[in-house]
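Written out below as structure tokens is the structure these notes cover.
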Amino acid sequence: MSDAIPYRIRRSDRARRARIVVDAEGVEVVVPRRMALRQVEPFVAEHSAWIEKTLRRYRRAEEALPRPRLEDGGWVPYMGRVLELRVRVEPGRVRDSVVRRGEMALEVRVASGDEDSVRSALERWYRRRARVEVAARLDAATRRAGTSYRSLTIRSQRTRWASCSSNGSMSFNWRLMLAPEAVLDYVVEHEVAHLEVLDHSPRFWRLLGSRCPDARVHERWLRKHGSALRL
């Protein structure tokens, strides 16, 4: 551990060189198997200015978007709406958590009322909703564009919101359900544009802009607030 910046170390068989990952959960240093641990601290110190700047950005994002309250009477965001949480603890009666959505509330039935149990139940629900919401938008966007995609996967990436492979496989982060609906629409259009232009060249941004005029606005919002989109 560094006195200035706390970090965790993860060895990776796939890593060819050391790299630093900074996200809302903290700082992780990914190192190759053969790298000596004594080299990690100088490596972190060398990049300390960038790490501190990135951590400040995450703190500002969390200040701008209050953290959800995962308890009975609390709340969570859902595509720009605020849903009240109604948590029902039923030990011995509920084996698998149940989440049901009303117009302005989510009813969560769990065997244990601790925050981790509620969070796990909600994440499973958000993942299911993400598949439904993303698939509908993806189908509509590709029809408009005259393109098609190969598959859709819902994931929980730490640093990516979505991706499109060269063979048309699509991947989206379920945490986009915590963002405003217009931001989700933008990310879908962004990935659909990648079916025609895989890079982020001026041609790509022109194509995306023709389909989503406010693309740059939504991109900036996601960069500013994205780290706070978590349960």
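Exactly one residue out of E103, E71, E84 is open to solvent by 40 Å² or more (accessible area, probe 1.4 Å), modelled with pLDDT of 95 or more and acidic (D, E), and it is E84. Applying a threshold of 7 Å to beta carbon distances and a minimum spacing of six or more residues, or different chains, the list of pairs starting in the range 193-212 at a residue that is farther than 18 Å from S166 by Cα and ending at one that is surrounded by 12 or more Cβ atoms within 10 Å (Cβ to Cβ) reads G209/A215; R211/E189; R211/A193; C212/Y186; C212/E189. So is V76 free of Cβ contacts under 8 Å to residues at least 60 places away in the same chain, touching a strand residue (DSSP E or B) at 6+ places or on another chain (Cβ under 9 Å) and not in a loop (DSSP other than H, G, I, E, B) or not? No; evaluated as a whole, the condition is false for this residue. Return the residues of the range 1-46 that are under 28 Å from A61 (Cα atoms), charged (D, E, K, R), open to solvent by 20 Å² or more (accessible area, probe 1.4 Å) and touching a strand residue (DSSP E or B) at 6+ places or on another chain (Cβ under 6 Å); say none if nothing qualifies. Scanning the range 1-46 gives R8, R10, R19.
Taken over the range 135-191, the criterion of being under 20 Å from D23 (Cα atoms), of a type in the set (A, V, I, L, M, F, W, C) and open to solvent by 30 Å² or more (accessible area, probe 1.4 Å) is satisfied by W161 alone. For the range 213-226, a residue qualifies if it is in contact (Cβ under 8 Å) with a residue 40 or more places away in the chain and open to solvent by less than 20 Å² (accessible area, probe 1.4 Å), and the qualifying residues are L222, G226.
The values are calculated or read from the model by the stated rules, or taken from the named source; none is laboratory data. Being a predicted model, the structure only gives us computed values, none of them experimental. Reconstructed Cβ throughout: ideal geometry from the backbone, glycine too, with neighbour counts over all protein chains shown. Note: areas computed on protein heavy atoms with side chains; ligands, DNA, RNA excluded. Shrake-Rupley method; radii C 1.70, N 1.55, O 1.52, S 1.80 Å.
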